[in-house]
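J.: Can you read through this structure? Questions will come right after.
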Ligand code: GRF
């Protein structure tokens, strides 16, 4: 199976994915990294790993769908079977979703359905939860609402600051995302209604 990573930022998850592919912990080929941000550090990481890194400027397109049509054209060019979002900060159009039904994965830094949105770590921390952690899920047309593949609980200790909690959650993300991607790539995930059966 061939996959692509879409990333807008730092690319910490991308780095963990690159490492897992190299160590054969993910049995699939990462063929291309695509970004909507020219200076995304994720693109540098891809470049360093000798993986094709493609920047597509959203300003060159009049709307979300025409931008996504260009992304999908790139995905086709690289014969991509499934797509992994890793800190990709754009909503996908219906067009994109229809091209890869149940074949787009995302990671969110809270235990969904709690703390959806852009500030999952901070919102959970400020709420005072004792447990939080990343969720890997399929992407559907509603944000942060797709079928859940894997979650990893992270305990919030009294001495945690937002910064120490962020670090722990990112470490958990880098464990759980490669695992979920590998399960998907090996055909181990079956969607039954809202649920994902593993095995
Ligand atoms: C992660 O916290 C992820 O859960 C969220 O965006 C962040 C991306 O970080 N969707 P990175 O670019 O992978 O370092």
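The values are calculated or read from the model by the stated rules, or taken from the named source; none is laboratory data. Here the structure is a predicted model, which means the values were calculated and not measured. Virtual Cβ from ideal backbone geometry, glycine too; neighbours counted across all protein chains shown.
J.: Looking at this structure, is residue 159 more than 28 Å from residue 99 (Cα to Cα) and part of a loop (DSSP other than H, G, I, E, B)?
T.: yes
J.: Might you check whether a residue that is surrounded by 15 or more Cβ atoms within 10 Å (Cβ to Cβ), within 15 Å of the ligand (Cβ to nearest atom) and under 26 Å from residue 170 (Cβ atoms) occurs anywhere in the stretch 52-72?
T.: yes
J.: Now for a different question. Taking the stated definitions as given, is residue 37 in the same structural domain as residue 89 (by TED's automatic domain parsing), on the phi < 0 side of the Ramachandran plot and surrounded by fewer than 17 Cβ atoms within 10 Å (Cβ to Cβ)?
T.: Against the criterion (in the same structural domain as residue 89 (by TED's automatic domain parsing), on the phi < 0 side of the Ramachandran plot and surrounded by fewer than 17 Cβ atoms within 10 Å (Cβ to Cβ)), residue 37 does not qualify.
J.: If a residue has to be free of Cβ contacts under 8 Å to residues at least 40 places away in the same chain and farther than 19 Å from residue 22 by Cα to count, how many in the stretch 154-178 make the cut?
T.: Residues meeting the conditions: 13.
J.: Can you tell me which of 191, 121, 149, 181 is within 16 Å of the ligand (Cβ to nearest atom), outside the structural domain of residue 5 (by TED's automatic domain parsing), outside any loop (DSSP other than H, G, I, E, B) and in contact (Cβ under 8 Å) with a residue 60 or more places away in the chain?
T.: On the way: 191 fails: within 16 Å of the ligand (Cβ to nearest atom); 121 fails: in contact (Cβ under 8 Å) with a residue 60 or more places away in the chain; 149 fails: in contact (Cβ under 8 Å) with a residue 60 or more places away in the chain.
After applying the criteria, what remains is 181.
J.: Here's a follow-up. Kindly indicate the residue of the stretch 96-118 that is farther than 15 Å from residue 166 by Cβ and exposed (fewer than 14 other Cβ atoms within 10 Å of the Cβ) and also nearest to the ligand (Cβ to nearest atom) among those meeting that condition.
T.: 117
J.: Those residues that are touching a strand residue (DSSP E or B) at 6+ places or on another chain (Cβ under 6 Å) and surrounded by 21 or more Cβ atoms within 10 Å (Cβ to Cβ), I need them from the stretch 1-12; list them, please.
T.: 3, 4, 5, 6, 7, listed by residue number.
J.: To continue, here is another question. Tell me yes or no: at least one residue of the stretch 125-132 is outside the structural domain of residue 19 (by TED's automatic domain parsing), surrounded by fewer than 18 Cβ atoms within 10 Å (Cβ to Cβ) and in a strand (DSSP E or B).
T.: Taking every residue of the stretch 125-132 in turn, at least one turns out to be outside the structural domain of residue 19 (by TED's automatic domain parsing), surrounded by fewer than 18 Cβ atoms within 10 Å (Cβ to Cβ) and in a strand (DSSP E or B).
J.: Inside the stretch 30-51, can you point out the residues that are under 16 Å from the mean Cα position of the chain (by Cα) and more than 15 Å from the ligand (Cβ to nearest atom)?
T.: Scanning the stretch 30-51 gives 31, 32.
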